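Trainee: Before I ask anything, let me first share the structure, which is written out below as C-alpha cells.
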Amino acid sequence: MKISLTKQALLIFTFLLVHSQIQAQNTRGFFSVTGGYSLPVGELAREKLDDPFAGLTGSGYFGQANFDVRIARWIGLRASGSMNYNKTNSQPIIDKANSYAQVLGETYNWQSSVSRWKLAALMIGPALYINFNRVQIELHAQGGKVWANSPSVNLIGTSEAGGEPITVDLKPASTSAYGLAGGASLRVPLSGHLYFQLSGDVIGAEAEIKDVTIRAVRGTLDFSEKVSEKRFIGVVNVGAGLGIAF
C-alpha cells in the first residue's frame with residue numbers, strides 16, 4: 001500500500017511530537033554543589049572619597065548549591081542558595097580615622113583588626129539548556145532575597161607626638177533586600193550520572209544600610225557618627241564543583 005507524501009510528513013511529525021513528549025516526561029533533575037573565588041562589585045568594591053564604606057570589601061570565596069528541574073528538553077527551573085565570605089579592607093576606615101586626627105592636629109599610626117563581609121542569597125528562576133550529546137551548557141536568570149552582614153573594623157591609633165591613643169570602631173550591621181542573579185555553567189559527564197561543573201554567577205541587590213555606627217574616641221573626645229544610606233552590593237562568583245543528574 002502506497003503512502004502519500006502528505007501522510008509520510010504527518011507520520012514523521014507525529015513521531016517527532018511523541019518523541020519530544022516522551023523526552024519531556026522523562027526529564028531529569030540536576031543537583032550540584034560548587035565553590036570557588038569571589039569578587040565584590042558595586043559601591044562597596046570601589047574606593048570613593050568621603051565614603052567610609054566604599055572599597056571596604058575585598059576578594060573572598062563562596063559555596064553554592066543548585067537544584068534544576070527540567071520542564072522540557074531545553075527549558076527548566078533553577079533554585080540556588082549561596083554564601084559568600086569576603087575580605088575586609090580597613091583602609092577606608094583608616095582614611096576616615098585620619099580625618100578625625102586632622103581635627104586634633106596630630107598624626108597617628110594605626111593597628112587594625114577586621115572581620116569578614118558575609119553575603120547570602122536564595123534565588124529562583126528559569127534556566128535554558130544547550131546540549132551537545134551529554135555535555136550541557138546551562139544559562140539562567142534569577143530573582144530572590146539577599147542578606148548581607150557588614151564587618152566590624154577596630155583601629156587603635158598611636159600618636160607620633162606621644163599624645164593619648166585614639167580608638168576607631170566600625171560596628172557590624174545586617175541588611176536584606178530583593179535582588180537579581182544571572183550566570184552560566186558547563187556540565188561535563190564523568191561517570192554515569194556524575195558530572196563535573198564549571199560555573200559563573202553575578203548576584204546583586206540595592207540594599208539599605210541603617211544606622212551603622214563609626215565610633216571614634218580619644219580620652220573625653222567622642223567623634224562618633226551614624227551612617228544610613230542605600231548602596232548596590234554584589235559579587236561575581238567563579239568556581240567548580242560536582243553535580244548529579246537524576
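The values are calculated or read from the model by the stated rules, or taken from the named source; none is laboratory data. On a predicted model such as this, the values are computed, not experimentally measured, just so you know. When we count neighbours, we look across all protein chains shown, and the Cβ atoms used for this are built from the backbone with ideal geometry, even at glycine. Note: areas computed on protein heavy atoms with side chains; ligands, DNA, RNA excluded. Shrake-Rupley method; radii C 1.70, N 1.55, O 1.52, S 1.80 Å.
Trainee: One residue is enough: does the stretch 227-238 have a residue meeting the conditions in a strand (DSSP E or B), within 30 Å of residue 73 (Cα to Cα) and open to solvent by 80 Å² or more (accessible area, probe 1.4 Å)?
Mentor: yes
Trainee: Another question, if that's okay. Would you pick out the residues in the stretch 100-115 that are open to solvent by less than 20 Å² (accessible area, probe 1.4 Å) and assigned to a strand (DSSP E or B)?
Mentor: As a first pass, look at the stretch 100-115 and keep what is open to solvent by less than 20 Å² (accessible area, probe 1.4 Å): 100-101, 108.
Answer for the stretch 100-115, where residues must be open to solvent by less than 20 Å² (accessible area, probe 1.4 Å) and assigned to a strand (DSSP E or B): just 108.
Trainee: Would it be correct to say that residue 118 is at pLDDT 90 or above, surrounded by 13 or more Cβ atoms within 10 Å (Cβ to Cβ), on the phi < 0 side of the Ramachandran plot and of a type in the set (Lys, Arg)?
Mentor: Working: at pLDDT 90 or above: yes; surrounded by 13 or more Cβ atoms within 10 Å (Cβ to Cβ): yes; on the phi < 0 side of the Ramachandran plot: yes; of a type in the set (Lys, Arg): yes.
In short, yes.
Trainee: Another question about this same structure. Can you find, within the stretch 121-143, the residue that is farthest from residue 28 (Cα to Cα) among those that are open to solvent by 20 Å² or more (accessible area, probe 1.4 Å) and of a type in the set (Gly, Ala, Ser)?
Mentor: Within the stretch 121-143, the match that is farthest from residue 28 (Cα to Cα) is 143.
Trainee: Additional query: Please verify whether the stretch 78-94 includes one or more residues that are closer than 15 Å to residue 158 by Cα and either of a type in the set (Lys, Arg) or surrounded by 15 or more Cβ atoms within 10 Å (Cβ to Cβ) (or both).
Mentor: Keep residues of the stretch 78-94 that are closer than 15 Å to residue 158 by Cα, which gives 94.
Among the residues that remain, those that are also either of a type in the set (Lys, Arg) or surrounded by 15 or more Cβ atoms within 10 Å (Cβ to Cβ) (or both) are: 94.
For the stretch 78-94, residues closer than 15 Å to residue 158 by Cα and either of a type in the set (Lys, Arg) or surrounded by 15 or more Cβ atoms within 10 Å (Cβ to Cβ) (or both): present.
Trainee: Only one residue in 76, 58, 81, 63 is at pLDDT below 90 and part of a strand (DSSP E or B), so which one is that?
Mentor: On the way: 76 fails: at pLDDT below 90; 81 fails: at pLDDT below 90; 63 fails: at pLDDT below 90.
Only one candidate qualifies: 58.
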